[in-house]
1. Report, by residue number, each residue of region 498-515 that is closer than 21 Å to D542 by Cα and either part of a strand (DSSP E or B) or open to solvent by 10 Å² or more (accessible area, probe 1.4 Å) (or both).
2. Counting just the residues of region 774-788 that are under 24 Å from T902 (Cβ atoms) and surrounded by fewer than 23 Cβ atoms within 10 Å (Cβ to Cβ), which one comes out farthest from the chain's Cα centre (by Cα)?
3. With T903, T882 as the choices, which residue is modelled with pLDDT under 85, open to solvent by 50 Å² or more (accessible area, probe 1.4 Å) and in contact with a Phe, Trp or Tyr (Cβ under 9 Å, 6 or more places away or on another chain)?
4. Can you tell me which residues in region 447-473 are on the phi > 0 side of the Ramachandran plot and of a type outside the set (D, E, K, R)?
5. Looking at region 662-679 only, could you name the residues that are outside any loop (DSSP other than H, G, I, E, B) and free of Cβ contacts under 8 Å to residues at least 40 places away in the same chain?
6. Can you confirm whether L871 is at pLDDT 65 or above, closer than 30 Å to I527 by Cα and assigned to a helix (DSSP H, G or I)?
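The values are calculated or read from the model by the stated rules, or taken from the named source; none is laboratory data. This structure is a prediction, so every number in the text was calculated from the model and none was measured. A quick note on method: Cβ atoms are made from the backbone with ideal geometry, for glycine too, and the neighbour counts reach across all protein chains shown. Note: accessible area is taken over every heavy atom of the protein model, side chains too, but ligands, DNA and RNA are not part of it. Shrake-Rupley method; radii C 1.70, N 1.55, O 1.52, S 1.80 Å.
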Amino acid sequence: MESGAPLCNACGEPVGFASSSDGELFVACHGCNYPLCRTCVDEEIREGRSSCFRCGERYMQALDKASKADVNSGGRQTFEGHLNAHEALTDHSSYSPDNGLHARNLSTLSAVGSELNDETGNPIWKNRVDSWKDKKNVKKATKKAEMAQIPLLPCEAVLLHVISLVDINCCYVLTLYCRPSEAWQPLSTIIPISPNKLTPYRTVIIMRLIILGLFFHYRITNPVDSAYGLWLTSIICEIWFAISWVLDQFPKWSPINRETYIDRLSARYEKDAEGNELAAVDFFVSTVDPLKEPPLVTANTVLSILAVDYPVNKVSCYVSDDGSAMLTFETLAETAEFARKWVPFCKKYSIEPRAPEFYFSQKIDYLKDKVQPSFVKERRAMKRDYEEYKVRINALVAKAQKTPEEGWVMQDGTPWPGNNPRDHPGMIQVFLGHSGAHDMEGNELPRLVYVSREKRPGYQHHKKAGAMNALVRVSAILTNAPYFLNLDCDHYINNSKAVREAMCFMMDPEVGRDVCYVQFPQRFDGIDRSDRYANRNIVFFDVNMKGLDGIQGPVYVGTGCVFNRQALYGYGPPSLPAVPKSSFCSWCCSCCCCCGGSKKVQKDQNDIYRESRREDLDAAIFNLREIDNYDEYERSILISQASFEKTFGLSSVFIESTLMENGGMPESANPATLINEAIHVISCGYEEKTEWGKEIGWIYGSVTEDILTGFKMHCRGWRSIYCMPTRPAFKGSAPINLSDRLHQVLRWALGSVEIFLSRHCPLWYGFGGGRLKWLQRLAYINTIVYPFTSLPLVAYCTLPAICLLTGKFIIPTLSNLASVWFLGLFISIILTSVLELRWSGVGIEDWWRNEQFWVIGGVSAHLFAVFQGILKMVAGLDTNFTVTAKASDDAEFGELYVFKWTTVLIPPTTILVVNLVGVVAGFSDALNSGYETWGPLFGKVFFALWVILHLYPFLKGLMGRQNRTPTVVVLWSVLLASVFSLLWVKIDPFLSNSDSSGTEGCMSIDC
């Protein structure tokens, strides 16, 4: 290969020279200098394309000039090589001009070591697009025709860029290339945090780590002999806090932001209505009890899905009713009817959000950006229709409050099959789409499917995780979209383009190859302005998750997540090294020999190593690419030998669907029997002796199945993406009163304890494969050990009161050097927080609320979760904490003032009272002991006030509204009254000095 010559963009071979005498390079197109060799130009003309498909100029001028001389080799890279990110080119080292073969006719299969990348490691764009299109099972015959229809660009719109080519042996000269259109640019980009913000942040983290080491050296080498027990307790607590800080801090070392380009997605995959190539998406909505989860809330979520801005033939909504409630079924029937009016209205006027309850309740100018005169009239009519729809739903809810003795009966007079929620058959009802229902304007509607899995006594149903796995199987039988999005019943789509945002990652051939899911942040409605109990979790979603996105991706949080279906099936990512076909054949032979033959086949060391690595990865089955080249007979042998039925269950239709990487219905599927097959895969015994819940699907074993499921996928080498569109993608509701919030946190913490005590604990699980990055592992370790911080936190919050009551302290008299370490530690803590807020954009009020609730939850819900988790995992005891409502309010944010007494409130209440008493006792002791005790008193009081300030929101929730008297007034009134009372007694202004001296000498009873 000659340095300085261009490469043919079609085959990658040197384009050659126009004349062997003058050495002038062959130029196929003089309009845009698009590099093509003579052979490829000839083939283009034979196929009927005589013009450059970039600028439209005819090739004839180049052919006339090149026909005068022979063509030799040369090279130039095209624009595609700069735009690609990680995919490699074909190895052309085997090409020789003497062998009579042209690279255009050779196989495009490339080897890892022979890939040609640009300076950023990015491969040629054309090969990347071609490899992506080759994976599709549709329209393969029209591929060349589609390439010919790529829109042409005017010459003046061509953009030039400069890049450098790097090969294994040598470097090539700088080359120029042109970019044809916006459609072929990346669908997303990473926006790194500015070094001006990130470098000081990292520097302070390192400084804080060093200061921590010096601080602990001082603390350990300077014990307090007079209070040795208190000193030792404080040292243990502080060491645990330092470890917890490291686990939380370092996964935030490389935070990133991302930006998506929806217009480019549409330009690339939505060329016209008939040629729409956007991937299909299934939506999962789960609900259990309609009396606790209002049907109207679930209906709004469903309506927002049906009206999403996405091709209707690519959308299917599956609603899981795990309580088999007829109320849910009837609500969906009414919702399907109302959707015929609501969906066209939303799409006609680009309504946001597309959940009617939240759209009509917006306190904004709804006429903004609306220019159609008919909008006002149609909006009023739609609001009236929605109110009538609400009345019908409310009537259904009122009727469902009292269950008839004979059970519920459907409209046709037959008993409702789900009258017994613990013993009923599987039920599936298709409301829209499949039945041919259309909206009021005659347009097709997305598919809406009701699913209630079978339940029988004696079977373990695994709650939400089991319901989600049932939806995975049903959707695979009926639609088998390659991606699906799961939502809680109270999380509606707030941004109708949210799915397109996710597809910018999933459908990007470069970025989406190894992505298992795209997680969106959770946003909430109905939270009080001050967010008293940190319901928004702003610090977690806007700080921690951005940090994880810079490593291996965010954790899965249970809702608002778009999944790659193949990742949930236990397949490894495409980057996972594939086992050669020869090793598969030897493995099959060895299995056959073990079963009935006597001949043994020896495996080489490489095969043994690969298999051991695969076992370490805990992958359920093979990578799909390992069986791409097998014929039908070999595939059937593989399915049998790999025990696909033992993995996925006894459904041939479902097993075949798992092998379809790009989704779609299997060719062998019979539409007439699909419903029966779907009923079969949700039977209560289908998962028996399979890998469901163990290696594939949602993983069982914890009430926080979301963390466990995401962790398993990351261990297999997948990565996840964090997507934060400007308009929040989804919004939900959150409990805003104190007791409900603590019980929500209790459930999360209990799930973390269960994972810690299981075989999936990140401390020891998944090391063999080496696919989980170390900082990602630290983040997962932090998610499962944080509840145990409650033990040292309770002890540490009690220490100030003990010190004030006993007159002792945990720190000896400080020297000048020790004062420097303490001051440096406080400054580094403050600087770390300030710089973190600076790069993340989080407000200081949100940060302070997060700090407060970390203490409140730590001394209450997390503490109970630790003991409950240990009892459940070790002794098999499941302790439940009952909640009883004591008061309520119908005003705005009235739920905030609802007081529900529960045992979770006991520890923080005790700590708060003890510290308040300790402050009063400390002042009393200082007044009685003289001025020399005031110095040590300030340190102890500061320690106690730190605890009280962090528990202040808890105190407000405990005291309720207090007739609208601010709690801070009550708190400081009690404290100041106590202190001034002690001062009054000490000074006693009504007692004269003479009386005072007389009484000092009379101390006995006889006086």
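1. E501, V515
2. Let us first name the residues in region 774-788 that are under 24 Å from T902 (Cβ atoms), namely 786-788.
Then keep just the ones that are surrounded by fewer than 23 Cβ atoms within 10 Å (Cβ to Cβ); that gives 786, 788.
Numbers: Y786: 19, F788: 24 Å.
Among them, the one singled out is F788.
3. Result: T903 is the single residue among T903, T882 that is modelled with pLDDT under 85, open to solvent by 50 Å² or more (accessible area, probe 1.4 Å) and in contact with a Phe, Trp or Tyr (Cβ under 9 Å, 6 or more places away or on another chain).
4. Across region 447-473, the qualifying residues are G458, H462.
5. Selection gives P671, A672, T673, N676.
6. Considered against the rule, which asks whether it is at pLDDT 65 or above, closer than 30 Å to I527 by Cα and assigned to a helix (DSSP H, G or I), L871 comes out as no.
A quick yes/no check of all residues on (1) of a type in the set (D, E, K, R); (2) modelled with pLDDT under 85; (3) not assigned by the TED database to the domain that holds G710; (4) not in a strand (DSSP E or B):
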| residue | (1), (2), (3), (4) |
| --- | --- |
| F431 | no, no, no, no |
| S435 | no, yes, no, yes |
| M440 | no, yes, no, yes |
| G458 | no, no, no, yes |
| M468 | no, no, no, yes |
| V472 | no, no, no, yes |
| S475 | no, no, no, yes |
| N480 | no, no, no, yes |
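Yes/no matrix, rows are residues, columns are (1) open to solvent by less than 10 Å² (accessible area, probe 1.4 Å); (2) under 22 Å from A465 (Cα atoms); (3) touching an Asp or Glu at 6+ places or on another chain (Cβ under 6 Å):
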| residue | (1), (2), (3) |
| --- | --- |
| T301 | yes, yes, no |
| V312 | no, no, yes |
| A333 | no, no, no |
| F338 | yes, no, no |
| P353 | yes, no, no |
| F358 | no, no, no |
| Q362 | no, no, no |
| L367 | no, no, no |
